[in-house]
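The values are calculated or read from the model by the stated rules, or taken from the named source; none is laboratory data. Since the structure is predicted, the reported quantities are computational estimates derived from the model, not experimental observations. In this analysis, Cβ positions are derived from the backbone assuming ideal geometry, glycine residues included, and neighbour counts consider all displayed protein chains.
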Amino acid sequence: MHLGNPYMTISNLSKKKAENSLSYRKSVASAGYIVYSIIIEAVMSNIDENSYIYLERLEPDINFHLINGKERNLIDSLRIGWDFLVSQFIHHDIPSEAEIEYAINYIEDELMKNPSLVNSDDLSLYCNDKVYQNLQGKKSGSIREFSKQDIEALFTRYALLSMGRSPVYDHVDMNAGEYMALLVIREILNHLGFESVRVMRE
């Protein structure tokens, strides 16, 4: 889906917008969020890159942070947390094709509202959500990179179930949250210009 031009890119995100976003987040921060932020900072210390995008899930939202050195600016928050998506769109043990299409359309609409998220500067995308950590095996302290093709292959295993394939063929245990998490990152990669997502372990 075409996201339109011109874009307000990450690189020219206005300082005022970043400050307003951070002020808003500070106004609603809880003790739990503060602790979570400390954990995030510890994980980020293992990343070699100076500038990158970090995805943070705080249901019902996904927050997009621009990391530049030791600075962390919130670019935007989208209401596309997977628990939220499951509650809004999934009504069967195995989601139907129609339910997945509704979820896809909703996510695309959310992404289209936020042109500042388009990755025109070719930055890397990082996250450390446990759903994605569980996809990379048991090796502790690693960073695994998932390409668009990797995510598409993982997503397709679930999508085939929605199209009627029996789970016994691929030994897939339906997990609606993981299904939606793969859908979210799939749409982000496809529409915001990222070639991969790098998953960190705590």
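Quick rundown of the values:
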| item | result |
| --- | --- |
| ILE90 being at pLDDT below 95 and touching an Asp or Glu at 6+ places or on another chain (Cβ under 7 Å) | no |
| The stretch 51-80, residues that are in contact with a Lys or Arg (Cβ under 9 Å, 6 or more places away or on another chain), without any contact (Cβ under 8 Å) to a residue 60 or more places away in the chain and crowded, with 16+ Cβ neighbours inside 10 Å | PRO60, ASN63, HIS65, LEU66, LEU74, ASP76, SER77, LEU78 |
| Some residue of the stretch 100-122 being small (Gly, Ala, Ser), touching a strand residue (DSSP E or B) at 6+ places or on another chain (Cβ under 7 Å) and modelled with pLDDT of 95 or more | no |
